[in-house]
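The structure under discussion appears below in the form of structure tokens.
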Amino acid sequence: MGADADIGHAVVTGGGTGIGLAIARRLAAAGHAVTIMGRSAGTLDAAVADLPRAGAEVCDVTDETAVAAALARAEASRGSVRVVVNNAGMVATAPFERTSLEAWRTALDVNLLGAVRMTQAALPSLKAQPWARVVNIASTAGLKPYAYVSAYVASKHALVGMTRALAQELAKTSVTVNAVCPGYTRTAIIERAVGTIVARTGRDAASAEAVFTESNPQNRLVTPEEVADAVAWLASPGAGAVNGIALSVSGGETG
């Protein structure tokens with residue numbers, strides 16, 4: 001479907017960089033008017049500059065009032081929302097014994113409740129559409145365990161569980177709810193992590209990157225564009241019979 005075909009308004013949280021920006025670009029190319037949301041006005045403005053029929057709203061997904069206000073502004077500018085992509089997220093690494101309760105609360109507040117807040121705010125508009133989509137960006141950490149990120153793993157497992165439960169609840173409406181679970185993806189977060197490994201261990205960049213690629217049977221990092229393509233399919237009119245899945249984009253690391 002070409003970019004000149006208007007197939008509705010899509011909102012992407014955490015849309016200013018990385019996977020979120022790749023998703024916004026892919027949905028814009030598919031014909032959506034797009035609103036990207038995030039916490040940094042400068043980052044959002046730079047991102048939206050090359051997106052057709054797009055706008056940006058500063059929004060902290062941990063603030064229920066801010067979420068509702070940002071969505072209202074977006075709908076006033078670009079029409080009722082048809083697609084919500086809950087991409088905003090965070091990760092912090094630490095052994096379980098040194099992961100504070102505050103770190104646990106933050107992981108759940110952003111990774112799970114951020115998606116809850118945006119979806120609850122958008123549902124009246126979504127249910128009024130002839131077809132509508134919610135796509136939650138989880139992680140392979142929502143499907144399998146990883147050490148030293150227990151709060152992140154728990155929050156992403158919870159997001160996958162919420163996705164499946166809400167899909168059942170909305171199954172007789174026009175709204176489908178699915179999750180996309182990327183493996184390690186070539187983003188600024190991974191690049192910084194590789195740099196940290198190099199600085200701390202003296203390894204070269206290739207061997208430091210192997211820490212992240214070795215779990216992928218294809219022995220590589222996923223690209224943001226590959227994640228975006230999966231989201232675009234789930235967000236399309238033709239994916240109406242796909243509901244409640246957690247789609248792994250990981251080269252076969254998880255099924």
Q | Two-site FRET efficiency, ALA241 against MET90, from Cβ-Cβ distance with R₀ of 45 Å, rounded to 0.05 | A | 0.85
Q) Among ALA132, ALA94, ALA29, whose Cα lies farthest out toward the positive end of the dipole of the chain, if unit charges sit on the beta carbon of Lys, Arg (+1) and Asp, Glu (-1)? A) ALA132
Q | For the stretch 47-90, convex hull of alpha carbons as volume per residue, Å³ | A | 91 Å³
Q. Roughly speaking, what is the centre-to-centre gap between the stretch 199-222 and the stretch 111-154 when only Cα atoms are used, to the nearest Å?
A. 28 Å
Q | Degrees separating the helix 18-30 axis from the principal Cα axis of the chain, which is the longest one | A | 30 degrees
Q: Could you name the lysines whose alpha carbon sits less than 17 Å from that of LYS144, not counting residues in the same chain fewer than 8 places away?
A: LYS156
Q: Give the relative contact order (percent, whole number) for the chain; include only Cα pairs under 8 Å separated by 6+ residues.
A: 19 percent
Q) Each residue of the stretch 238-246 in turn: what ³J(HN,Hα) in whole Hz from Karplus with 6.51, -1.76, 1.60 and θ = phi - 60°, glycine and Pro shown as x? A) x, 9, x, 8, 9, 8, x, 9, 10
(Q) Could you tell me the ratio Rg/Rh of the stretch 23-134? Both radii from Cα atoms, Rh via Kirkwood. (A) 1.02
Q | Signed unit charges on C-beta, dipole axis of the stretch 177-236, positive-most listed residue ALA210, ALA235, GLY183 | A | ALA210
Q.
What is the angle, in °, between the Cα long axis of helix 64-78 and the longest principal axis of the Cα atoms in the chain? Nearest 10 is fine, range 0 to 90.
A. 50 degrees
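In percent, what relative contact order does the stretch 127-176 have, based on Cα pairs under 8 Å that are 6 or more apart in sequence?
Numbers: 40 pairs, mean separation 25.8, N = 50.
It rounds to 52 percent for the stretch 127-176.
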Q.
Stokes-Einstein diffusion coefficient for the chain at 25 °C in a medium of 0.890 mPa s, Rh from the Kirkwood formula over Cα pairs: what value in µm²/s?
A. 134 µm²/s
Q: May I ask for the angle, rounded to the nearest 10°, between helix 150-169 and the longest principal axis of the chain, with both axes built from Cα atoms and the value confined to 0 to 90°?
A: 30 degrees
Q: Quick one: accessible surface of LEU51, probe radius 1.4 Å, all protein chains present, in square angstrom to the nearest 10.
A: 20 Å²
Q. In the stretch 132-239, if every C-alpha pair distance is counted and binned at 5 Å from zero, what percent goes to each bin?
A. 2, 11, 17, 19, 18, 13, 8, 5, 3, 2, 0, 0
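The values are calculated or read from the model by the stated rules, or taken from the named source; none is laboratory data. Predicted, not measured: the structure shown is a model, and the values here were computed from it. Here Cβ is always computed from backbone atoms with ideal geometry, including for glycine, and neighbour counts include all displayed protein chains. These accessible areas exclude ligands, DNA and RNA; they are computed on the full protein's heavy atoms, side chains included. Shrake-Rupley method; radii C 1.70, N 1.55, O 1.52, S 1.80 Å.
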